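Note sheet for the following structure.
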Amino acid sequence: MNSPPPESSPLLRTQFATLLTYRILSILSYQITSVTVGWHVYELTRNPLSLGLIGLAEVIPYFCFALFAGYAVDHLPRRKLGLAACVCLSITGLLLTAISAGWLPSQNVWMIYAAIAVTGVARAFLTPIYNALFARVLLREQFARGASFGSVAFQASLVTGPAIGGVLVGWAGKTAAYSTAAALALLAGMVLLRLRVAEPVAEGTRSPIFTSIGEGLRFVFGNQIIRGALALDMFAVLFGGAVAVLPAFIQEILHYGPEGLGILRGAPALGAVAMGLWLTRHPPGQRAGRWLLMAVAGFGLCIIGFGLSTHFWLSATLLLMSGVFDSVSMVLRSTILQLATPDHMRGRVSSINGIFIGSSNELGAFYCGSMARLLGLVPAVVLGGFMTLGVVGVTTWKAPALRRLNIKDLH
C-alpha cells in the first residue's frame, strides 16, 4: 500500500467532489424510499410476502434495462442521462407521496409496486453514469484513491439513508419521507448538471445496439483480470450472505434482543467505512491482485467465524471485520475496472458489473435462507464461508494474471 502526498487528493478536484455529491444524494433518496415503502406496504398488508414483492418489483425492471442502460451511457450524453435517472427517482417519490397523502388510491398496494418499478429503471442508469463520469474527472493515477472515497460515500449513505428514513417516518410521517426522497433526487440531478466535464465524442458509425452489448460482454469475459475480479466479488456475496439470516441468528443462536439486529446489520458498514477512509490515504498499488485475493479470503474466514460464534459481541466484531475485508475488495475491484476498461465501453462494463453484483445479493439471500432451512443456521453459514475460500482458490489457480496484478501495470 502506498501513501501519496496530500495534494494529490481527489477531493481537491472540484468536479470529483461534485460527482461524489450526486452519488450521495441519489443513494440517500433511494434508501429513504426503500425504508419508507417497506413500512408502508407492511402497514397496508401485514403480510411478509408483500415485502419480498417490493424487491421483485424493483429487480425485474433493473435487470431488463441494465444492459441497454450501459449501451446508452456509452453513446449518449452522460449528464443528461443522469438527470433523467434522477427525475425517475423523483417521480417514484412523488407518486408515493400522492398515494400516502390519499391523492391517489391509498389502499392499492399494486400502485406502490408500480412506483417502485420506476426506481428499478433509474437504478439501471445511476451507477454506470457515475463510473463513466468518474474516469472523466480524475487523473488515472488518482483512480485508486478516488475509488476509496467513493466506497466511503457509498457505505456511509447505506447507513445514514435508512436512519434518516426511519426518523422521518417516525416523526413526520410517510408523506414527508417520500417528499424528502423526491427532493433529494431532484437535487442530485441539479448537482450533476453543474458538473463541467468533456463528454467523449463518438467516432465512426454507431454499432447496432445488440452488437454493441455483445461487444461489452465479450470484453468482460475475455479479459482474465476483469473476469476474475467480478467472479471473486459475485461469489463472495453469493456464498457469504450471512446478513440475510441475521434475525434468526439473533433469536436462536445469540439469544439477544431486537436491538442487536441493528448492531449486527450496521457492523459490516462501519468496518467498510473505516477501511475506506484508511485506503484514501494508503491506496493499493504493489501486489494489488494478491491483496484482492487475500481480502476475499479474509471475508470468507470472518463468515466462518461468525457462523461458529455464540457470543454476541464476538459475532459483531467478526461482521465488522468482514466489512473491512469487503471494503478492500470493493476498492480494488472498482480501481481495476476503471483502469482496465476503455472509455468508450465504461457504461457497458459497469452495467455488466451491476448485474453480477445485483444478482449475487438477491441470490445470496435466497441461497443462505434455503441452505439454513435444509442444513440449519450454523452449518449453512459456515459452509458459505468455506465455499468463498474455495472460490478464492479456484480464482488463484485459473486467473494467474489477476494474482500477479500490480495496479501500476494498468496505468
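A short reminder: the numbers here are calculations on the coordinates, not readings from a lab. Keep in mind it's a predicted model, so treat the numbers as computed, not measured. Cβ coordinates were reconstructed from backbone atoms using ideal geometry, including for glycine residues, and neighbour counts include every protein chain displayed.
Between V197 and R287, the modelled labels are 3.4 nm apart [label points 7 Å from Cα along Cα→Cβ]. The charge dipole of the range 8-202, taken about the Cα centre with unit charges on the Cβ atoms of Lys, Arg (+1) and Asp, Glu (-1), comes to about 480 debye, rounded to the nearest 20.
Only one residue of L126, Y113, V167 has its Cα farthest out toward the positive end of the dipole of the range 107-242, where Lys and Arg carry +1 and Asp and Glu -1 on Cβ, and that residue is V167. Got the relative contact order for the range 225-355 handy, in percent, Cα pairs under 8 Å and 6 or more residues apart? It rounds to 33 percent for the range 225-355. Plugging the Kirkwood radius over Cα pairs into Stokes-Einstein for the chain, at a temperature of 20 °C and a viscosity of 1.002 mPa s, what D comes out in µm²/s? Reported coefficient: 98 µm²/s. Tell me the net charge near A135. Cut-off is 10 Å between Cβ atoms, A135 excluded, with +1 for each Lys or Arg and -1 for each Asp or Glu. After counting each charged neighbour, the total is +2. Shape summary: the range 207-411 maps onto an equivalent ellipsoid whose semi-axes, from the alpha-carbon gyration tensor, are 32, 19, 15 Å in decreasing order. Result for the chain in a Gaussian network model with C-alpha springs under 10 Å: among A269, A229, A399, the largest mean-square fluctuation is at A399. The phi-based Karplus calculation (6.51 cos²θ - 1.76 cosθ + 1.60; θ = phi - 60°) puts the 3J(HN,Hα) values of the range 309-316 at 6, 10, 10, 4, 6, 5, 4, 4 Hz, whole numbers, x for Gly and Pro.
When the Cα positions of L89, G38, L383 are compared along the charge dipole of the chain, L89 comes out farthest toward the positive end, with charges on each C-beta of Lys, Arg, Asp and Glu.
Electrostatic tally near A380: other residues with Cβ closer than 13 Å to its Cβ, Lys and Arg +1, Asp and Glu -1, net 0.
Each of R46 and Q107 was given a label point 7 Å from its Cα along the Cα-to-Cβ line. The distance between the two points is 1.4 nm. Less than 5 angstrom separates the built amide H of R287 from those of I407, all sequence-distant by 5 or more or on a different chain.
Spin-label pair L308-Q15: with each label point 7 Å from Cα along the Cα-Cβ axis, the two points sit 5.1 nm from one another.
For the chain, what is the relative contact order in percent, using Cα pairs closer than 8 Å and at least 6 residues apart in sequence?
Numbers: 646 pairs, mean separation 107.7, N = 411.
Dividing the mean separation by the residue count of the chain yields 26 percent.
Full extension of the chain segment joining A274 with V167 gains 36.1 nm, where the gain is 0.36 nm per residue of separation less the Cα-Cα distance.
Mind checking which of F356, V191, L270 is farthest towards the positive end of the chain's charge dipole, using Cβ charges of +1 (Lys, Arg) and -1 (Asp, Glu) about the Cα centre? Selected residue: V191. Rounded to the nearest 20 debye, the dipole magnitude of the chain is 820 debye, with +1 charges on Lys and Arg beta carbons, -1 on Asp and Glu beta carbons, and the Cα centre as origin.
How would you rank Y113, Y30, Y130, Y42, going from fewest to most other Cβ atoms within 10 Å of each one's own Cβ? Mind dumping the intermediate values first?
Values: Y113 17, Y30 25, Y130 22, Y42 14.
Result, fewest neighbours first: Y42, Y113, Y130, Y30.
Dipole check for the range 72-180: with +1 at the C-beta of Lys and Arg, -1 at the C-beta of Asp and Glu, and the Cα centre as origin, the magnitude is about 240 Debye.
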